[in-house]
1. Mind telling me which of the residues Asp173, Asp151 ends up being surrounded by fewer than 17 Cβ atoms within 10 Å (Cβ to Cβ) and either in contact with a Phe, Trp or Tyr (Cβ under 7 Å, 6 or more places away or on another chain) or closer than 30 Å to Gly295 by Cβ (or both)?
2. I'm trying to understand the selection: among the residues of region 146-185, which are at positive phi and in contact with a helix residue (DSSP H, G or I) (Cβ under 6 Å, 6 or more places away or on another chain)?
3. Just need a number here: residues in region 278-292 that are of a type outside the set (A, V, I, L, M) and over 16 Å from the mean Cα position of the chain (by Cα).
4. Here are Thr108, Thr138, Thr62: which of them is in contact with a Cys (Cβ under 7 Å, 6 or more places away or on another chain) and under 30 Å from Arg199 (Cβ atoms)?
5. Can you run down the residue pairs with Cβ atoms below 6 Å, 6 or more apart or on separate chains, where the first is in region 286-298 and under 17 Å from Leu234 (Cα atoms) and the partner is surrounded by fewer than 22 Cβ atoms within 10 Å (Cβ to Cβ) and of a type outside the set (A, V, I, L, M)?
6. Out of Leu226, Leu247, I need the residue that is over 16 Å from Ser182 (Cβ atoms), modelled with pLDDT of 95 or more and of a type outside the set (Asp, Glu). Which one?
7. Answer yes or no: is there a residue in region 194-201 that is out of contact with any helix residue (DSSP H, G or I) (no Cβ under 7 Å at 6 or more places or on another chain), modelled with pLDDT under 95 and surrounded by fewer than 17 Cβ atoms within 10 Å (Cβ to Cβ).
8. Kindly establish whether Asp151 is of a type in the set (Asp, Glu) and under 23 Å from Met216 (Cα atoms).
Amino acid sequence: MIESIKEINKFETWILASRPKTLLAAVVPVVTGTSIVSFETKVNIVASAVALICAMLIQIGTNFVNDLYDYLSGADNENRKGPTRALASGLITVAEMKTAIILVFSLTFILGLYLVYISTWITLLIGLLSIFAGIAYTAGPYPLAYNGLGDVFVFLFFGIVGTVGTYYVQVVDVTALVFWASIPVGALITNILVVNNYRDIEEDREVGKNTLAVKMGKKFTRYQYLVFMILSYLILLVVYFTYNQSLFVFLPMLTLPLAIRLIKMIFSYTGEKLNKTLELTAKLSAFYGFLFAVGIVL
């Protein structure tokens, strides 16, 4: 396995480090926010594209920071059950990763200035907070992921901030509809982290990574996953009855069989078996998000 990893060229190494499978978590909020803009007014295609690029860059930068500080703290080691990490595998040096983090977040800031230009200073505040949170997730004197706040970070920034922010930069306003729509986006993306932390609960406890799963235990984490899943589908009723949406808003119900399957998996699987649950949870968040967006547009 190690020999095959070392055969990866530098470009493939950086693709691996960016964790491409996680990038849908950045795409879904932007697509959802833009769909509500489309429902209410005319979409600013350039603004949507820039918001999407910025969201993906923040996700990549956060992944780089996570890779770096999990490696430095010893959280990523030979006992890891999840996918290969670039630093822990020796594919990227600490110095290279630090440089990449600076470059990615600097590019995010520069591109984000366009969104500030077409909206207000509030967009600048949102962008700076998003970058800061991406760094503080695993870095700094009080890393969020190591103190049980990772779930809160993901729900707020990949759910509410990502969705509402995309809407705001195009409309320069916030409505109740976009807020409600951001909740299932955040809940399902947070569930990706919930599965990850549930799988790694023993290893994280050993290295002092006090995720919410470590703090609250396995039973709580399983029910947290269940509650977020139920909440995501209940929100469809709120959107339908409160905002006079058509029945198309229930398109995400097509993903319900997968959701039920995933609930069964997290209540019965442990260890590396949960890697499949993690993969399918990510796919569910994407399928649900895109169907929700289509339903709102229609």
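1. Asp173 is the lone residue from the list that is surrounded by fewer than 17 Cβ atoms within 10 Å (Cβ to Cβ) and either in contact with a Phe, Trp or Tyr (Cβ under 7 Å, 6 or more places away or on another chain) or closer than 30 Å to Gly295 by Cβ (or both).
2. Hit for region 146-185 is Gly148, nothing else.
3. 1
4. Criteria check complete, one pass: Thr108.
5. Final answer for the pair search is Gly295/Phe248; Ile296/Phe39.
6. Leu226
7. no
8. When the stated conditions are applied, Asp151 passes them.
The values are calculated or read from the model by the stated rules, or taken from the named source; none is laboratory data. Since this is a predicted model, take the numbers as computed values, not measurements. FYI the Cβ positions are ideal-geometry reconstructions off the backbone, even for glycines, and counts take in every protein chain you see.
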